[in-house]
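A single structure is presented below for examination.
The values are calculated or read from the model by the stated rules, or taken from the named source; none is laboratory data. Owing to the predicted nature of the structure, the values given are computational and were not obtained by experimental measurement. A quick note on method: Cβ atoms are made from the backbone with ideal geometry, for glycine too, and the neighbour counts reach across all protein chains shown. Note: areas computed on protein heavy atoms with side chains; ligands, DNA, RNA excluded. Shrake-Rupley method; radii C 1.70, N 1.55, O 1.52, S 1.80 Å.
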Amino acid sequence: MTRKKQIYYYSLVLFLVLVGLRFGQLMWQQQQILSHLQKQAKQLRHKQAIAKASQPKVKQEVAKSTITKASETNQQFFNLAYNWSSGSDYKKRITKIKQAKLVSSQVLANDYLFPELGGTADYIDNNGLKSSVVQVAYYPKSTNDDQTSGVVGVAVNAKHDSDVGNGETRYYYFNIDYQISDNQITGLDYVGRLAVNQSTDFNTFNPYE
């Protein structure tokens, strides 16, 4: 082999080696990029799965929180509305409820809870009539993150000084709307009292049956 051919041969070998190294480097880089993309895609799928799995739980927690706050507000409101032991207490109910900001002005205008009747306070004092809340139970029908509506049951015991025994407990129920952003009862409609043949235990009573 002549000197010229040797130089050509070695140059060709060196060129092929360099091309092979460059090709191998490109393949390694592409493999690294592909591996990185696959890792990112796996992480994204994992995050999406977690978000999807947690979303119903978040909604459930929000709904639970709304119902809890509505129940607490119902409890406070009806205790102020139905707990009194004198004519003076009876007349102060609206003032106390306004100060607590538990209900809208529309609810305060409810004729059933707040009838505009003269002489009621005198009757209470003359007969030693006392009213006390025994139980308040809320039965939600529809709920979202800011509002809930349903039925609230209120058990109230009334007793005159002349009564023998513990007086009489009556079970009332109302349709109710609650707004969590204002923490207020925005709608309240008297439905009626539980009939004699109905359960007088709000723990088992179902207004939607």
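Counting other Cβ atoms within 10 Å, which chymotrypsin sites (Phe, Trp or Tyr not before Pro) in the stretch 83-179 have at most 11 and lie in a DSSP loop?
Values: sites: W84, Y90, Y112, Y123, Y138, Y171, Y172, Y173, F174, Y178; in loops: Y112.
Hits after loop and neighbour filter: Y112.
Which of the trypsin sites (Lys or Arg not before Pro) found in the stretch 88-194 are in a DSSP loop and have at most 11 neighbouring Cβ atoms, other than their own, within 10 Å?
Values: sites: K91, K92, R93, K96, K98, K101, K130, K141, K159, R170, R193; in loops: K92, K101.
Sparse-neighbourhood loop trypsin sites (Lys or Arg not before Pro): K101.
Taking 7 Å along the Cα-to-C-beta vector as the label spot, tell me the N157-S88 distance in nanometres, rounded to one decimal.
A separation of 2.4 nm, rounded to one decimal place.
Now, a different point. Which of the three applies to the stretch 63-209, rounded, prolate or oblate, going by the alpha-carbon gyration tensor with a ≥ b ≥ c and a/c under 1.5 meaning rounded?
Numbers: a/c = 2.29, a/b = 1.37, b/c = 1.67.
Verdict is oblate for the stretch 63-209.
Further question on the same structure: What is the percent carbon and sulfur in the accessible area of the stretch 63-143, measuring with a 1.4 Å probe over the protein chains and ignoring ligands?
Working: 2190 of 4520 Å².
Solvent-exposed carbon and sulfur of the stretch 63-143 make up 49 percent of the total.
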